[in-house]
Every structure is written in C-alpha cells, then in structure tokens.
1. Within the range 45-95, restricting attention to residues that are part of a strand (DSSP E or B) and small (G, A, S), which residue is surrounded by the fewest Cβ atoms within 10 Å (Cβ to Cβ)?
2. Please determine, by comparing only the residues of the range 159-180 that are over 16 Å from P228 (Cβ atoms) and of a type in the set (V, I, T), which one is surrounded by the fewest Cβ atoms within 10 Å (Cβ to Cβ).
3. Residues being crowded, with 20+ Cβ neighbours inside 10 Å and under 17 Å from V117 (Cα atoms): count how many of those fall in the range 181-211.
4. Restricting to the range 121-146, and then to whatever is buried (at least 22 other Cβ atoms within 10 Å of the Cβ) and of a type outside the set (F, W, Y), can you tell me which residue is nearest to L52 (Cα to Cα)?
5. Y258 passes all but one of (1) crowded, with 19+ Cβ neighbours inside 10 Å; (2) in contact with a Pro (Cβ under 7 Å, 6 or more places away or on another chain); which number fails?
6. Yes or no: V280 closer than 20 Å to P378 by Cβ, of a type outside the set (D, E), in contact (Cβ under 8 Å) with a residue 40 or more places away in the chain and in contact with an Asp or Glu (Cβ under 9 Å, 6 or more places away or on another chain)?
7. In the range 198-228, which residues are within 15 Å of the chain's Cα centre (by Cα) and part of a strand (DSSP E or B)?
Amino acid sequence: MALRGVALLLAAAMPALAGLATFIGMVQDNQGGVDGLNGVVALAISPDGQNLYAVGSQENSLAVFDRSSSDGTLVFREVHQDGVGGVLGLNTPVSLVVSPDGLHVLVVSNLDDSLVVFRREQETGSLEFVNLYQDGVEEIYGLNGANDVTISADGSLVFVTADIDDTVAVFSRSAPSDDLVLVDVEQNGHEGVQYMHSPTSVTSSPDGIHLYVTADLDQSVVVFTKDPTQDAIAFANEIPTADIPSSVAMDAGGDHAYVTGLNWVMVHDVDSVSGSITPVAIYVDGVDGIDGISGAHAVALTPVGNAVFVSGSFDNAIASFERDDTTGLLNFTEAAIDGLGGVDGLANARGIAVSPDSRYLYVAGMDDDAISIFEISPTIFTDDFESGDTTAWSAAVP
C-alpha cells in the first residue's frame, strides 16, 4: 500500500467496542411489490427524513420509498425507469442526491453521460422528471462517464464528476426553478488542474467554500476552492492517498475528512482556510482486528453523534467505527457481514445513507438487489441523550 510522497503510520491498535448498528430487515427487488432495485448502487434520504431514494444500475431505474421515522422501515412508493413515461437519461444510474430544500432529486448516469433532474412533491416524496443535461447536447460538456454528484449546503451549486473526461462539472441552481446552468468545467491538465485522472467521488465542505474529488488513477484527493472570478471553482492543491480511492466525506463541522480506498479508510485534518487536508491515520482491513472494509466503496458519518460507517464490497459487509469528536480518530467496533448472524442483503455492499436523526442506517447490496436496514445504537450521541430527545434536559432558574 504505497502512499505517494507521504509517510503515514497505521493507526494504533484499539480494542473492539460494542456494536453500533443492529440489522433489523431489508427490502428486495421483486419482493412484496418492490421494484427498481436491480443492481442498486446508491441511496439518498430527503432532508425531512420522509423518503429514501435508490438507483438500480442494472434496471436503469430510480425507486422511491416512504420511510418510517419511528422504526426505520421502508415502504415502496413508485419507480421511474429510463424510456418509460417520458423519463430519459437513466441508462446505468450510479449516484444521486436530494437538494437541501427537498425540492429536487438529481441523478447521474454513467452510460448516458447525464445529469437528470426530478422535481419532488414535498408532501408525498413522489417525483416528476423535469430536465436532462447530457454530454455533447446543447453545449453541455464535462459529463462523459458521469459517476458522482453532490450539491452545496446552500443548494446553489451542483457538482458532477466524470471519469472518462477527467472532469468536475459545476452547475448553478436557483430554486424553485427546475433549470440548472452549466457555469464551470474543471478538467485534469487544464488551468492548473492536476492529479485528477479518473475521478471517483466528490463532496463539498459544510461551508461550501471547498470541494474535494477523489481520483483513482492518480491516488489523490484534489481540492478546489470556490472562486467566482474563475467561473465557479479553482484548483487549490492535491493530497496523495493509498490505492484506489473511492469516496470522501466530511464531519458536520468540516474539521475532518474521511477517505476510503481499496481496503482502507483514512482520517485527515482539515485546514479551514486553505481547505487542504492532512492525513493523520489509516485503518486497513485485516490489521489490528479491523474487518469488513475490503473493497471499501463508500463512507458515511452520522449527522449527529460520533459514528462512521464504511461499506466493503468485497467483504459483503458494513463496518462500524466510533469517532473521536476532537481528533477525528476512529475505533473499530464490528462488521456486519452478509449471511452471518442473520444479516442479509449486503452482497457487494455499495452506497450508504444515514437518516437525518442518526437513528437508522441503510446500505445498498448491489448483488442482492436489496437495501439492508440497521438501527444505530444511541451510544453514538455524546450528550447521552438520543437524537431529538429533550425530555431529560432540565434548567435551573435562579
């Protein structure tokens, strides 16, 4: 595991802790009326927690579920499929995001080189196809091999990576309009951008000032800074990683970044001014008792509390870590593995979604055509109170 230009020690061994996530069930394609999960690879939950959305890469589909906030269960609502009912651009969908205002669901499709916009009905979560942006059509470019999408916290900018073009495309968004405007395309080898061959994922900092892109072939995280003088963003620097980086996520305060790769997850400190990230620890599958992150595909943090989850596509697993709020360092707790201890639906585990209240975890099992559902232990809440529970608080009045 070579880390280009960086000397980084393996994280010190820590004792395994009690489990953070308990398997409670799953929904599966063609079972109980569920449709659209054939080859499910990515998940997203609406900001109000009411709905979960999933893309089926082998069915060219977008499935909509109603989600119970009380017990985390999912009920199938509807499916949208490429070429059906006027829907276009969903040939091999691979990533999606719900806008922070809950008005739109955005999907990128790899073989269609596209970004698709659905309008969301906020009362029910149902969707309506409204727009398609496709590489090479009507002056849209930078989407050749589109493979990930994210949106800034204020909802004003949409970012799409494309692994064939070696690009990140930036669209401006002015809600409630359904229209997006391409405002910038940053490409490897142009305008100072480097080490961005075959980008695999993208995330925006919580303050919306910095953007982070993992690049597979260059084994790097590329950092961009918001810069209206250069269309939208400008290249800032790049940070080496270990083999085959696959995803990047940040904590709510923007203090730490978490990057996954072939069989590892790495913790970084973040410089809030420059946006640069410094690797401080790496956790490797099979080392110091860590399990479940071989083929690490995605990483997700609980919005509140201190849990981190990594999907392991080769291990058919979801690994749980407890996170130190101050240092960002991790303690491995356990791995839930498909077929063991009653766990099901995790074959070729891919996308992860955590409910806004941090009580439930959802994992896409691509080869099981399923979404596994886990209940997250309340021990992740550092104030000792479950998310949203204020009944134990008291105030002293002089």
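1. Step one: list which residues in the range 45-95 are part of a strand (DSSP E or B), which gives 45, 51-56, 61-67, 74-81, 93-95.
This time we only want the ones that are small (G, A, S), so: 54, 56, 61, 63, 95.
Values: A54: 29, G56: 26, S61: 24, A63: 27, S95: 26.
Checking each candidate, the answer is S61.
2. Step one: filter the range 159-180 for residues over 16 Å from P228 (Cβ atoms), giving 160-169, 175-180.
If we keep only those that are of a type in the set (V, I, T) as well, we get 160-161, 164, 167-168.
Working: V160: 27, T161: 30, I164: 14, T167: 26, V168: 27.
Checking each candidate, the answer is I164.
3. 1
4. Out of the qualifying residues, it is G125.
5. Every listed condition holds for Y258 apart from (2).
6. Numbers: closer than 20 Å to P378 by Cβ: no; of a type outside the set (D, E): yes; in contact (Cβ under 8 Å) with a residue 40 or more places away in the chain: yes; in contact with an Asp or Glu (Cβ under 9 Å, 6 or more places away or on another chain): yes.
It is false that V280 is closer than 20 Å to P378 by Cβ, of a type outside the set (D, E), in contact (Cβ under 8 Å) with a residue 40 or more places away in the chain and in contact with an Asp or Glu (Cβ under 9 Å, 6 or more places away or on another chain).
7. Going residue by residue through the range 198-228, those that are within 15 Å of the chain's Cα centre (by Cα) are 199-206, 211-214.
Those that are within 15 Å of the chain's Cα centre (by Cα) and part of a strand (DSSP E or B): P199, T200, S201, V202, T203, S204, L211, Y212, V213, T214.
Residue by residue, here is whether (1) outside any loop (DSSP other than H, G, I, E, B); (2) over 23 Å from A281 (Cβ atoms) holds:
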position	(1), (2)
A319	yes, no
T327	no, no
N331	yes, no
E334	yes, no
G339	no, yes
G351	yes, yes
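Each value in this text was obtained by applying a stated rule to the coordinates, not by laboratory testing. Bear in mind that the values here come from a model prediction, so they are computed numbers and not experimental data. In this analysis, Cβ positions are derived from the backbone assuming ideal geometry, glycine residues included, and neighbour counts consider all displayed protein chains.
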